[in-house]
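Since the structure comes first, as structure tokens, the remarks are kept for the end.
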Amino acid sequence: MNDNAIYVEWHISDVKDNHEGLTDDQCREVLQRVKYNHDANIGINWDVIDATVNQLFSRQLDLLSGLTSYKSSLINLEQESKDEN
């Protein structure tokens, strides 16, 4: 390691931890987009990564979120039905 330089490493697992609905390939796409398009005055941070995810995949994540909410509602309804019997 060179004492005259530093670097910060972002991994697809970092992206996936905050955006569980993304695949490994989609996380790679986010990192590549951030790498080549970030503002050097801002750098790469969670806001930049989140904005990039939203730009690339917001529709997909909205659909997944809606599906998760729907499934959760069904489970709650099933549990309430069992509790009534």
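Selection within the range 38-50: residues that are hydrophobic (A, V, I, L, M, F, W, C) and surrounded by 12 or more Cβ atoms within 10 Å (Cβ to Cβ). The member of this set that is nearest to Gln26 (Cα to Cα) is Ile49. Looking at the range 10-22, is at least one residue at pLDDT 95 or above and in a loop (DSSP other than H, G, I, E, B)? Taking every residue of the range 10-22 in turn, at least one turns out to be at pLDDT 95 or above and in a loop (DSSP other than H, G, I, E, B). Mind listing whichever residues of the range 23-36 are out of contact with any Asp or Glu (no Cβ under 9 Å at 6 or more places or on another chain) and touching a residue at least 12 places away in the same chain (Cβ under 8 Å)? Listed by number, the residues that qualify are Asp24, Gln26, Arg28, Glu29, Val30, Arg33, Val34. Gln32 passes every criterion in (1) in a helix (DSSP H, G or I); (2) at pLDDT below 95 apart from (2). Applying the condition of being loosely packed, with under 11 Cβ neighbours inside 10 Å and either in contact with a Gly (Cβ under 7 Å, 6 or more places away or on another chain) or among the aromatic types (Phe, Trp, Tyr) (or both) to the range 1-37 and asking which residue is nearest to Arg59 (Cα to Cα) yields Tyr36.
Test Val48 against the criterion of being at pLDDT 85 or above, assigned to a helix (DSSP H, G or I) and under 11 Å from the mean Cα position of the chain (by Cα), and give yes or no. Against the criterion (at pLDDT 85 or above, assigned to a helix (DSSP H, G or I) and under 11 Å from the mean Cα position of the chain (by Cα)), Val48 does not qualify.
The values are calculated or read from the model by the stated rules, or taken from the named source; none is laboratory data. This is a predicted model, so every value here is computed, not measured. Quick reminder, even Gly has a Cβ in these numbers, built from the backbone with ideal geometry, and neighbours come from all protein chains shown.
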